[in-house]
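Visitor: A single structure is presented below for examination.
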Amino acid sequence: MKDRIVVVGSGPSGVHFAQTAIERGRRVLMLDVGHAGADHVAPAEDLNGLKARLADPVAYFLGDDLSSAVLPGNAGEYYGFPPGKEYVFRGAGGEEFKASQFAPLFSFARGGLAEAWTGGCYPFTDEDLAAFPFGYDELAPHYERVARRIGVTGAADDLAPYMPVHGGLMEPLEPDDHAMDLLGAYARRRERLNSRHRFFLGRSRSAVLSRPLGDRPACDKLGRCLWGCPSDAFYTPSLTLRELRKNDAFEYVSGVRVEHFGFDVAGRIDRVHATSITGGARREFDVGSLVLAAGTLCTSKIVLDSVYRATGEVRELAGLSDNRQVLVPFFNKRLVGRKYEPKSYQYHQLAFALAGSTAAEHVHGLVTTLKTALIHPIVQNIPTSLAAGLGAFRDLHAALGLVNVNFSDSRRAENRVTLEVGGRDRPTRLAMSYRPEPGEGDRIARTLATLRGVLGELGCIAPKGMTHIRPMGASVHYTGTMPMTSDGGPGTVDAQGRARGFENLWIADGATFPSLPAKNLTFTLMANASRIADGALR
Amino acid sequence: MALIFVTGAAGYVGRRLVRALGARGSRVVALVRDPASLPADLRSLPGVEFVAGDLLEPASYEKALGGCSRVVHLAATTGKARPAVHERTNAEGTRTLLDAARRAGVGGFLHVSTIAVKFRDQRHYPYARSKVRAEEIVRASGVPFTIVRPTIVVGPDSPVVAGLGKLAGLPLLPVFGPGTARVQPISVDDVVLDLAEIVATDRFRGETIDLGGPEVVTIEELLRRIRSAAGKGRARVMHVPLGPVRAALALVEPLLLPVMPLTAGQLATFAEDGVAEPSDFAASRKRPLVGLDAALAGAKREAESDGTIRREFSVFGRYLVGRDPGASALAHYERWHAAHGNAEFASAPPIDRVLVAIARIHPIATRIADAYCARLRRASLLRRKLVLVLALIECSSETYTLVEEPRSSSRAGAWARLVASGAIEGLAFVAGAIVLFPLHAVLGLARRAP
């Protein structure tokens with residue numbers, strides 16, 4: 001990798017590959033669709049300040065056409081994204097797909113899907129990395145490097161065996177009342193919870209600043225996390241992109257959708273073909289080394305389409321994986337009737353591990369103490385009239401919490417993506433099919449039973465009817481279509497991310513994960529992209 | 001040029017006639033009760049002057065009538081009203097107007113009557129009786145006159161079609177009696193053209209002319225056509241014996257008139273033929289009449305009026321947080337209805353519309369209907385509207401604090417409130433279930449019928 005490096009995509013993988021490459025003195029051209037969000041309105045106001053003082057708060061929170069209002073009977077999974085984050089999911093004309101038992105999300109935003117993440121930074125353990133061609137020790141320096149770049153808070157606590165303590169961690173934010181209360185309840189029953197349920201609770205690892213980093217201030221608790229942090233205390237990859245663009249060695253071309261790459265006579269990739277998203281003009285870019293970091297699905301499509309154009313062969317990429325997520329709302333009996341504090345950090349402040357007998361059985365969860373989420377999407381799920389539900393909600397508001405449980409996934413042959421070649425009147429599409437692992441339902445049911453027991457011991461009630469098993473695809477942790485392996489054939493990459501069968505193609509995103517532990521993967525995406533850059537440029 | 005005095009100019013036919021006359025360059029003096037309530041474009045029609053007045057108080061319009069040589073008399077009480085009111089407006093009002101017209105030297109009086117004056121049985125139909133008297137008064141007045149008797153007038157927002165449309169939209173098509181009575185609906189545009197033609201040709205020779213459309217159909221067929229024009233599929237017909245229904249309606253009418261969907265008299269349409277006699281005038285028409293289906297196609301689909309939306313918003317707000325959520329939230333609510341709500345309403349199953357109609361009566365009714373929906377119609381139109389109101393309340397500067405604080409300041413108090421609201425919830429559900437469950441079952445079964 002000695003010549004012009006072209007990186008496709010500005011998500012967590014793309015920007016951290018580029019950053020490491022720049023730090024090693026290389027020049028990088030990044031190609032991206034790159035939808036950008038609007039500037040933050042009234043950046044100094046806290047959440048209720050927005051409601052009280054904006055000229056039209058309804059338009060801010062629900063959208064001009066109220067399209068972000070969540071009404072009963074609306075189709076589709078509820079993500080809770082406000083109008084201000086609409087750009088994260090805006091299409092780019094190339095995301096046509098066909099999916100079976102899988103509901104994918106795409107992003108063409110600057111920073112990718114992680115522009116709408118919740119900041120969980122959970123390093124993988126050796127057990128988590130069992131199927132990877134390297135262990136924690138090889139990733140640890142990159143976890144540290146990324147943590148120092150983006151700012152990650154966390155503590156060495158009971159979670160350490162499940163979430164290794166790497167260098168570069170900042171002290172956690174002060175927990176809010178509810179998190180404090182739950183930690184207290186956990187401390188009182190710690191031994192029993194650890195031994196009987198193998199339940200371990202601790203502080204979240206979060207990409208939010210507890211002290212200033214560079215020109216970013218510490219979190220000032222405006223309570224606006226869900227609507228987009230106006231102070232940049234909360235990290236998203238577009239912040240790294242912004243830093244990169246200050247560097248002369250970095251060139252950013254946005255507004256283009258990369259379709260496929262082409263080869264010279266010697267079989268080396270020498271160019272990428274892209275389409276302008278405004279007007280559809282074709283553009284070509286010369287390539288020295290090509291790094292695909294467009295996200296597992298788009299990266300897979302670019303590879304499949306390029307192979308098809310070069311050889312006429314429609315390939316399949318097997319092993320598509322995603323974390324199953326289950327949402328478990330609960331309320332804390334001790335906090336019923338309390339006032340809630342809207343001026344606080346809104347994403348999870350606590351995390352837990354439910355240890356299984358094997359790594360695949362481990363479950364990782366995040367505990368969010370709901371505060372400034374919109375009320376109407378929640379109240380309508382209470383099985384009473386809305387007035388009764390709203391009354392109950394007001395009394396329970398400070399006591400409410402949400403557990404987001406992640407389940408691991410493995411690469412299986414039947415879960416695959418392939419190309420559905422288009423014709424004159426229809427575009428070439430990515431076709432994906434996914435079937436959950438047999439026995440998944442039992443595994444979820446067992447885990448939820450344990451979790452309810454744990455919540456009960458913590459003095460909380462989780463009404464069964466409100467538990468929500470999200471559809472596959474909803475967690476947006478897509479991985480596994482071009483896995484890193486020590487040896488393997490076409491459709492795999494080596495331990496350094498170099499695609500087999502190509503001379504100068506690197507894959508730097510989630511496609512390379514040979515397995516998917518029950519954890520938020522974004523932090524490992526960043527660390528691994530940095531690791532791949534390091535290795536490729538060594 | 002003749003100055004034309006038009007009464008009932010704010011009405012369904014009246015405002016169209018005024019527009020048509022204005023468009024032909026006629027000069028019009030239009031009598032209405034409240035000119036301010038008219039649409040601005042109507043008020044600003046060139047050549048048309050609106051005068052505020054009351055038919056029964058000649059002093060209020062005598063001066064305006066003074067310069068007029070022709071009168072088109074459309075004003076009438078038509079719908080739900082007590083017999084005395086029909087008599088006063090329709091008979092005495094006509095007499096008063098004719099007296100004033102005579103004094104003003106009017107040379108032509110076009111009296112708009114109704115085909116119902118020909119109905120044999122007018123026992124329960126005070127409107128028809130009063131219009132018979134009005135015709136007699138016109139004939140005896142000595143003023144040159146023409147009487148026209150339109151049949152069922154159809155067109156966009158036509159009141160008759162709206163009324164029949166409520167029946168026609170039901171999953172089971174109720175037809176009172178055998179449904180064989182014949183009707184000959186005419187489009188409102190044709191009525192207006194006929195009236196304008198009579199005035200323009202100064203046709204005041206004491207004729208009585210029936211105005212009917214191009215097609216004679218049975219009342220049952222008309223209901224089917226209205227249903228199909230509203231985009232609904234075929235429905236099974238349910239024949240309801242006419243006699244008992246009329247008798248029952250007549251019995252409760254004095255008490256329940258304001259809330260009744262239709263009056264005993266209006267049921268006469270199901271019993272009596274309402275077709276137009278052939279006439280010289282009809283034979284002399286030089287234009288083809290608008291076909292029935294075309295006229296019905298112009299009839300707007302059922303939708304909720306702006307006033308209804310405003311009222312329900314206030315009721316729903318009081319139900320949820322104890323107060324009207326205010327003007328800025330209302331503006332969003334109205335805009336949502338303009339964009340989606342009306343379409344949702346038109347396509348909602350009958351039970352869902354009924355639930356909305358019940359819910360908007362009063363916050364207590366809202367609670368009962370919502371407690372019912374919470375269990376049995378979770379994604380119904382009412383829930384969608386209520387959740388939208390809640391979303392607006394929590395995001396509006398005037399109201400967001402209402403959903404912020406706990407209702408009680410202590411833990412014990414909060415638990416007590418939770419238990420109490422559970423009890424209220426139970427009562428509301430039981431109350432709703434008693435009324436709504438049978439209704440739901442009937443409408444649901446009817447919907448599944450072929």
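Visitor: For B:Ala20, indicate whether it is at pLDDT 90 or above and part of a helix (DSSP H, G or I).
Guide: Values: at pLDDT 90 or above: no; part of a helix (DSSP H, G or I): yes.
No.
Visitor: Scan region A:370-382 and tell me whether some residue there is more than 10 Å from chain B (Cβ to nearest Cβ) and farther than 27 Å from A:His477 by Cα. Full working, then the answer.
Guide: Initially, region A:370-382 is screened for residues more than 10 Å from chain B (Cβ to nearest Cβ), giving A:370-373, A:378.
Subsequent filtering for residues that are farther than 27 Å from A:His477 by Cα retains none.
The answer is no, given that none of the residues of region A:370-382 is more than 10 Å from chain B (Cβ to nearest Cβ) and farther than 27 Å from A:His477 by Cα.
Visitor: To continue, here is another question. Residues that are in contact (Cβ under 8 Å) with a residue 60 or more places away in the chain, of a type in the set (Asp, Glu) and more than 30 Å from A:Gly295 (Cα to Cα): does region A:25-44 have at least one?
Guide: So far as region A:25-44 goes, no, none of its residues is in contact (Cβ under 8 Å) with a residue 60 or more places away in the chain, of a type in the set (Asp, Glu) and more than 30 Å from A:Gly295 (Cα to Cα).
Visitor: Report yes if some residue within region A:355-368 is within 14 Å of chain B (Cβ to nearest Cβ) and either surrounded by 24 or more Cβ atoms within 10 Å (Cβ to Cβ) or under 19 Å from A:Arg470 (Cα atoms) (or both); otherwise report no.
Guide: First pass over region A:355-368, keeping only residues within 14 Å of chain B (Cβ to nearest Cβ): none.
For region A:355-368, residues within 14 Å of chain B (Cβ to nearest Cβ) and either surrounded by 24 or more Cβ atoms within 10 Å (Cβ to Cβ) or under 19 Å from A:Arg470 (Cα atoms) (or both): absent.
Visitor: Which condition number in (1) modelled with pLDDT of 90 or more; (2) farther than 25 Å from B:Gly307 by Cα is the one that B:Ala76 fails?
Guide: Looking at each condition in turn, B:Ala76 falls short on (2).
Visitor: Something else about it: Being modelled with pLDDT under 90 and either assigned to a helix (DSSP H, G or I) or open to solvent by 40 Å² or more (accessible area, probe 1.4 Å) (or both): is that true of B:Lys63 here?
Guide: On the way: modelled with pLDDT under 90: no; either assigned to a helix (DSSP H, G or I) or open to solvent by 40 Å² or more (accessible area, probe 1.4 Å) (or both): yes.
No.
Visitor: Considering only residues that are assigned to a loop (DSSP other than H, G, I, E, B) and touching a Pro at 6+ places or on another chain (Cβ under 8 Å), look in region A:344-368 and name the one that is modelled with the lowest pLDDT.
Guide: A:His362
Visitor: Still on this structure: Just one of B:Ala101, B:Ala116 is modelled with pLDDT of 90 or more, within 21 Å of the chain's Cα centre (by Cα) and not in a loop (DSSP other than H, G, I, E, B); which is it?
Guide: Details: B:Ala101 fails: within 21 Å of the chain's Cα centre (by Cα).
Just a single option satisfies the conditions, and that option is B:Ala116.
Visitor: Next question. For region A:505-538, which positions are surrounded by fewer than 21 Cβ atoms within 10 Å (Cβ to Cβ) and modelled with pLDDT of 90 or more?
Guide: Step one: of region A:505-538, the residues surrounded by fewer than 21 Cβ atoms within 10 Å (Cβ to Cβ) are A:534-535, A:537-538.
Those that are surrounded by fewer than 21 Cβ atoms within 10 Å (Cβ to Cβ) and modelled with pLDDT of 90 or more: A:Asp534, A:Gly535.
Quick grid of which residues meet (1) at positive phi; (2) open to solvent by 30 Å² or more (accessible area, probe 1.4 Å); (3) part of a strand (DSSP E or B):
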residue	(1), (2), (3)
A:Arg242	no, yes, no
A:Lys246	no, yes, no
A:Glu251	no, yes, yes
A:Val258	no, no, yes
A:Val265	no, yes, no
A:Gly280	yes, yes, no
A:Phe285	no, no, yes
A:Val291	no, no, yes
A:Val303	no, no, no
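Visitor: Quick one: count up the residues across region B:389-406 that are part of a helix (DSSP H, G or I) and open to solvent by less than 60 Å² (accessible area, probe 1.4 Å). Can you show your working first?
Guide: As a first pass, look at region B:389-406 and keep what is part of a helix (DSSP H, G or I): B:389-395, B:400-403.
Among the residues that remain, those that are also open to solvent by less than 60 Å² (accessible area, probe 1.4 Å) are: B:389-395, B:400, B:402-403.
Total meeting the criteria: 10.
Visitor: A further question on this structure: Inspect all residues belonging to region A:312-320 and state whether any of them is open to solvent by 30 Å² or more (accessible area, probe 1.4 Å) and within 14 Å of chain B (Cβ to nearest Cβ).
Guide: Narrowing region A:312-320 to residues open to solvent by 30 Å² or more (accessible area, probe 1.4 Å): A:312-316, A:318.
Of the ones still in play, those that are also within 14 Å of chain B (Cβ to nearest Cβ) are none.
No; the residues of region A:312-320 include none that is open to solvent by 30 Å² or more (accessible area, probe 1.4 Å) and within 14 Å of chain B (Cβ to nearest Cβ).
Visitor: Taking only region B:211-235 into account, find how many residues are at pLDDT 85 or above, more than 23 Å from the chain's Cα centre (by Cα) and among the charged types (D, E, K, R).
Guide: First pass over region B:211-235, keeping only residues at pLDDT 85 or above: B:211-226.
Then drop every residue that is not more than 23 Å from the chain's Cα centre (by Cα), which leaves B:214-216.
Remaining after also requiring among the charged types (D, E, K, R): B:215.
Of the residues in region B:211-235, 1 are at pLDDT 85 or above, more than 23 Å from the chain's Cα centre (by Cα) and among the charged types (D, E, K, R).
Visitor: Of all residues in region B:384-393, how many are within 21 Å of A:Ala373 (Cβ to Cβ) and more than 7 Å from chain A (Cβ to nearest Cβ)? Quick ask: steps written out before the conclusion?
Guide: Step one: of region B:384-393, the residues within 21 Å of A:Ala373 (Cβ to Cβ) are B:384, B:386-393.
Now narrow it down to the ones that are more than 7 Å from chain A (Cβ to nearest Cβ): B:389, B:393.
Here the count works out to 2.
Rundown of residues vs (1) in contact (Cβ under 8 Å) with a residue 40 or more places away in the chain; (2) of a type in the set (A, V, I, L, M); (3) more than 21 Å from B:Pro144 (Cβ to Cβ), yes/no style:
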position: B:Arg15; (1), (2), (3): no, no, yes
position: B:Pro39; (1), (2), (3): no, no, yes
position: B:Leu42; (1), (2), (3): no, yes, yes
position: B:Leu110; (1), (2), (3): yes, yes, no
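Visitor: Taking only region B:344-383 into account, find how many residues are within 11 Å of another protein chain (Cβ to nearest Cβ), surrounded by 23 or more Cβ atoms within 10 Å (Cβ to Cβ), without any contact (Cβ under 8 Å) to a residue 60 or more places away in the chain and among the basic types (Lys, Arg).
Guide: 1
Visitor: Continuing with the same structure: Starting from region A:166-187, keep only residues that are touching a residue at least 60 places away in the same chain (Cβ under 8 Å) and open to solvent by 30 Å² or more (accessible area, probe 1.4 Å), then list their pairs with residues that are charged (D, E, K, R) and assigned to a loop (DSSP other than H, G, I, E, B) whose Cβ atoms are within a distance under 9 Å, requiring at least 6 positions of separation or different chains.
Guide: Listed pairs, sorted by first residue: A:Pro172/A:Arg205; A:Asp177/A:Arg338; A:Asp177/A:Glu341.
Visitor: Further, regarding this structure: Can you say whether B:Val72 is within 25 Å of B:Ser141 (Cβ to Cβ), touching a residue at least 60 places away in the same chain (Cβ under 8 Å), assigned to a strand (DSSP E or B) and touching a helix residue (DSSP H, G or I) at 6+ places or on another chain (Cβ under 7 Å), as far as the supplied structure shows?
Guide: Numbers: within 25 Å of B:Ser141 (Cβ to Cβ): yes; touching a residue at least 60 places away in the same chain (Cβ under 8 Å): yes; assigned to a strand (DSSP E or B): yes; touching a helix residue (DSSP H, G or I) at 6+ places or on another chain (Cβ under 7 Å): yes.
Criteria met by B:Val72.
Visitor: Still on this structure: Has region B:407-419 got at least one residue that is part of a helix (DSSP H, G or I), facing chain A (nearest Cβ under 7 Å) and under 30 Å from the mean Cα position of the chain (by Cα)?
Guide: Going residue by residue through region B:407-419, those that are part of a helix (DSSP H, G or I) are B:411-419.
Of the ones still in play, those that are also facing chain A (nearest Cβ under 7 Å) are B:411, B:413-415, B:417-418.
Those left that are additionally under 30 Å from the mean Cα position of the chain (by Cα): none.
No, that holds for no residue.
The values are calculated or read from the model by the stated rules, or taken from the named source; none is laboratory data. In this text the structure is predicted, and so the values were computed from the model without any measurement. All Cβ positions, glycine included, derive from the backbone under ideal geometry; neighbour counts span all protein chains shown. To get the accessible areas, we keep the full protein, side chains included, count just its heavy atoms, and leave off ligands, DNA and RNA. Shrake-Rupley method; radii C 1.70, N 1.55, O 1.52, S 1.80 Å.
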